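Structure record follows, encoded as structure tokens.
The values are calculated or read from the model by the stated rules, or taken from the named source; none is laboratory data. Quick caveat: nothing in here was measured; it's all calculated off a predicted structure. Glycine also receives a Cβ, built like all others from the backbone with ideal geometry; neighbour counts cover every protein chain displayed.
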Amino acid sequence: MLASGAAILSLCAAVQGEEQPSGGAAGGWIRCEIRITSNGGLTEYAGLAWAARRVEGEYDLTVSSRGPGGVSNTVQRGRFVLEPHRQSVLSRVQVMAGRTGTVQARLSIHSNGRELCQFTS
């Protein structure tokens, strides 16, 4: 859990700043994780995936924020194609960081109706 405000902005631009790898993997041929990067008052949650072989599917990145200003939930869903041995950024969400409150993020990757990888930060 990280401190945050209630506002969540969904952005496609990368943010440079302090990076905290949050680890996370599914065993074997596919891995997923949420990379957390802080820059000023914003914290970015980026859903990343890597596979040893080509795979197509769908992802869900959910970021929930609770603070003095209220509660916010952002869910981003989409399709992806992972090429072998290449890390891909599936989605990014930015949260207004504050000193009080909490943020929880979850990334889930599915293909052919099966969950292949899941990570929660």
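Some observations on this one:
- Per-region count, region 88-121, residues under 21 Å from G41 (Cα atoms) and in contact with a Lys or Arg (Cβ under 6 Å, 6 or more places away or on another chain): 2
- The single condition among (1) surrounded by fewer than 22 Cβ atoms within 10 Å (Cβ to Cβ); (2) free of Cβ contacts under 8 Å to residues at least 60 places away in the same chain that L116 does not satisfy is (2).
- Restricted to strands (runs of 3 or more DSSP E) entirely inside region 1-63, those with at least 3 residues that are within 13 Å of the chain's Cα centre (by Cα) and modelled with pLDDT of 90 or more are 30-39, 42-51.
- Flag for T37 being within 14 Å of Q76 (Cβ to Cβ), crowded, with 18+ Cβ neighbours inside 10 Å and among the hydroxyl-bearing types (S, T, Y): no
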